[in-house]
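Colleague: What follows is a structure written as structure tokens; I'll ask about it next.
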Amino acid sequence: MKSPAHRTRDIERQAGYLKREHCTPPPPRTGSDTMWFIRDSCGIVCGIITWLLVFYAEFVVVFVMLLPAKNVAYSLFNGVLFNGLAFLALASHAKAMCTDPGAVPKGNATKEFIESLQLKPGQVVYKCPKCCSIKPDRAHHCSVCKRCIKKMDHHCPWVNNCVGENNQKYFVLFTMYIALISFHALFMAAFHFVFCFEEDWAKCSNFSPPATVILLILLCFEGLLFLIFTAVMFGTQVHSICTDETGIEQLKKEERRWAKKSKWMNMKVVFGHPFSIAWLSPFATPDHGKADVYQYIV
């Protein structure tokens, strides 16, 4: 009878890849071990740009459109609504960026650890030669994060992180709230244009008419662009969740080796059990359930 070590397969069959000195180290981490942050220059720049664009929309909505408005109820209602959605969008972005997406512990693909798993006949494990980790089913190696990520959907530079098992909820909420504030900003900008055409432009804004027009046009361009992008991304993510197939799995057309669940159950796996208002909160950590992340039956 073969030992457990003989019942394993390597992605690369060269044993040298499993030595620690041949593994690509992960990107530097900051803070405590619980803090996750990828030091990728492109991702950091994209993340900063995202926040700056939201702050720009805040500035135009509040100081150009709402504060000069004569209707206090209109200003108060739209101000609370827009700022509330913007806060949830930025909170979701921060959670998606600073949450471990499901990184597999690196360097555990050793002979001793594999033997300690006490694999049964018919069970196999894959080993990633790049991060020296035992690669769970449905995990993929990210060249930016330098780690294998469980249920990796894609690496998104706008959140400077992978979208995986542990942070997909926050990414979906981020796209949803950005789409909502973009639509809201476009609605208010259109209403403001109509109001300014009917009234004196000097009285509908605290800025000069040319400056007001430029600020509103830039806001409309930003809102339309982000609305289309995030709405499409939101729909793609929801479809991916309902079909229980990640973006990488769809792209590679990988064979399904996992149990098929209902669409509602797939939503619960990502957003938590049971259904509640916490699904819409970026501050509520979903319960993903328990699963064997190291091995699967073939």
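Colleague: May I ask which residue of Ala57, Phe171, Ser116 lies farthest towards the positive end of the charge dipole of the range 49-176, with charges of +1 (Lys, Arg) and -1 (Asp, Glu) on Cβ and the Cα centre as origin?
Modeller: Ser116
Colleague: Just the number, please: Stokes-Einstein D of the range 38-147 in µm²/s, Kirkwood Rh from C-alpha pairs, 10 °C, 1.306 mPa s.
Modeller: Reported coefficient: 87 µm²/s.
Colleague: For the full complex of protein chains and a 1.4 angstrom probe, list Val194, Val269 by accessible area with the highest value first.
Modeller: Working: Val194 80, Val269 35 Å².
Largest to smallest exposure gives the sequence Val194, Val269.
Colleague: Restricting to DSSP loop positions (anything but H, G, I, E, B) with no more than 10 other Cβ atoms inside 10 Å of their own Cβ, which chymotrypsin sites (Phe, Trp or Tyr not before Pro) remain in the range 73-126?
Modeller: Values: sites: Tyr74, Phe77, Phe82, Phe87, Phe113, Tyr126; in loops: none.
Sparse-neighbourhood loop chymotrypsin sites (Phe, Trp or Tyr not before Pro): none present.
Colleague: In addition: Describe numerically, in nm with one decimal, the distance between label points set 7 Å from Cα along Cα→Cβ at Glu112 and at Leu67.
Modeller: Using points 7 Å along Cα→Cβ, the separation is 6.4 nm.
Colleague: Which value in Å is the Kirkwood Rh of the range 102-213 over different Cα pairs?
Modeller: Radius from the Kirkwood sum: 18.3 Å.
Colleague: Another question, if that's okay. Can you give the charge dipole size of the range 50-151 about its Cα centre, rounded to the nearest 20 debye, using +1 on the beta carbon of Lys and Arg and -1 on the beta carbon of Asp and Glu?
Modeller: Rounded to the nearest 20 debye, it is 480 debye.
Colleague: Put a dot 7 Å past each Cα toward the Cβ at Phe87 and Val194; how far apart are the dots in nm?
Modeller: Simple spin-label model gives 3.0 nm for this pair.
Colleague: Suppose R0 equals 41 Å; then what is the FRET efficiency for Ser208 and Thr243 from their Cβ-Cβ distance, rounded to the nearest 0.05?
Modeller: In this case the efficiency is close to 0.20.
Colleague: Over the range 145-298, average the accessible area per residue using a 1.4 Å probe and give it in Å², no decimals. If you can, show how the numbers build up before the last one.
Modeller: On the way: 8140 Å² over 154 residues.
On a per-residue basis, 53 Å².
Colleague: Starting from the Cα of Arg257, step 7 Å toward the Cβ, then list every residue of the range 147-167 with an amide N under 16 Å from that point.
Modeller: Output list for this probe position: 149-152.
Colleague: Put a dot 7 Å past each Cα toward the Cβ at Val124 and Val80; how far apart are the dots in nm?
Modeller: 6.0
Colleague: Given Cβ point charges of +1 (Lys, Arg) and -1 (Asp, Glu) and nothing else, what value in debye, to the nearest 20, does the dipole of the range 224-284 about its Cα centre take?
Modeller: On the way: 8 positive and 5 negative charges, 39 e Å.
Here the size comes out at about 180 debye.
Colleague: On to the next question. If amide hydrogens are placed 1.01 Å from N in the peptide plane, which non-local residues have theirs closer than 5 Å to the one on Lys135?
Modeller: Sorted by chain and number, the residues that satisfy this are Tyr126, Lys127, Cys128.
Colleague: Could you sort Asp287, Asp153, Asp100 by accessible area so the largest value comes first, with the probe set to 1.4 Å?
Modeller: On the way: Asp287 90, Asp153 15, Asp100 55 Å².
Solvent-accessible surface, decreasing: Asp287, Asp100, Asp153.
Colleague: Give the accessible area for Tyr56 in Å² (nearest 10); use a 1.4 Å probe, count only protein heavy atoms, and leave out ligands, DNA and RNA.
Modeller: 60
Colleague: In addition: Whenever you get a sec, line up His184, His239 from highest to lowest accessible area (probe 1.4 Å, protein heavy atoms). Present the calculation step by step, with values, prior to reporting the outcome.
Modeller: On the way: His184 20, His239 105 Å².
Putting His184, His239 in descending order of accessible area: His239, His184.
The values are calculated or read from the model by the stated rules, or taken from the named source; none is laboratory data. Worth saying up front: this structure is predicted, and the values here are computed from it rather than measured. When we count neighbours, we look across all protein chains shown, and the Cβ atoms used for this are built from the backbone with ideal geometry, even at glycine. When the accessible area is computed, the model is the full protein with side chains, heavy atoms only, and any ligands, DNA or RNA have been set aside. Shrake-Rupley method; radii C 1.70, N 1.55, O 1.52, S 1.80 Å.
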